[in-house]
Amino acid sequence: MWSDTPSGRAVTAIPSTNPFAGIQDGHTLAEAIVDTIREPLLVLDKSLRVVAASRSFYRTFGLEPHEVEHRPVYDLGGGQWNIPELRVLLETILPQQTVMEAYEVEREFSGIGRRSMLLNGRTVFDAGGARPLILLAIEDVTERRAVERKLAELAEEKETLLMEVPHRVSNSLQIIASILSLKAQTVQSEEIRQHLQDAHRRVLSVATVQRQLQISKNLERIEMGPYLSRLCEALAASMIAEGRPVTLEVKAQDGTVSSNEAVSIGLIVTELAINALKHAFVDGRAGGMIAVGYEASPSGWRLAVSDDGVGLPDKVSPGLGTSIVEALARQLEARVEISGTSHGTTVSITHGTIAAGLPAAA
């Protein structure tokens, strides 16, 4: 470059911007790159003979340069690279696509045993488009695959255990419920019998959630329709066994809630059914109806339990059942509304917002 100075014009040298200017030629650079790559690498000519190999290739497969260079790739290591999948890659896929990534093969290699290898191939050409070369990178993923298999086995074991837990819990709860029911039949005190029967129904409520988890593919969400139907069937059976011919009717829309929410909702239904048995049918009638309804929308859900009993008394004294319902509703961040006439009572539990529409007991 020329520049003006007080004594005249001078030439200034500008450093080259080519980072490889100090290297004699491209061949030297290519050899340096191949030699320093950490993973096994082969450079093949168009006849699939080895032009060069990385140090990692020699180290990994226990071969010497004279056993590799200028030899057909399929002859390396006594023919251990004569792999059908490799032939497909080199002879069929690469000529059509020029690039192939993550082509996995599994093979028994002398000295290192059975290994899983990922093959990555690329066809490269010189500036004139002649003398094509194939770069074949080889990644040993044997240990990675072993870890993946182990993780998959652990995940399967965990899934099996998670599926087994509801079954074991359900069986335990059924045993407890049976003990409570048997005990209720043997005690002399009517008050104690009533408490035991109430406890029996509460245990049944939780056991129903566990049974629903058993048959569900999703351990986190509960389908409300089948769940409420099973729960009310169990409650109705216990009422019939106690000589209380009350019909339980379920009308539930499709929808899911978390397993924790399902437990709380089931306990609410149980408490309200217990309250209806105690207070709604005290006029000497032969039977009665308790209707359980559930509806859901994207913004919320509503549970309603209605009866066709005598309606609300003039003064409602809060008992254990009412307190439990209110406490469970607070856990669900839901509102409790009670309405009644001389033809029955309806208790609604609403979470979020949802339009009115649940039927009362007929």
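Quick note: the coordinates plus some simple rules give every number you see, no bench work behind them. What you see is a predicted model; the values in this text were computed from it and never measured. Cβ coordinates were reconstructed from backbone atoms using ideal geometry, including for glycine residues, and neighbour counts include every protein chain displayed.
Note on residue 297 and residue 233: with the Förster distance fixed at 25 Å, the Cβ-Cβ geometry gives a FRET efficiency of about 0.40. Each label point was placed 7 Å from the Cα along the Cα-to-Cβ direction; for residue 156 and residue 343 their separation is 6.0 nm. Multiplying the residue separation of residue 133 and residue 103 by 0.36 nm and removing their Cα-Cα distance gives an extension gain of 8.9 nm. Bridgeable aspartates and glutamates around residue 183 (alpha carbons under 20 Å apart, same-chain partners fewer than 8 residues away excluded): 191, 198, 242.
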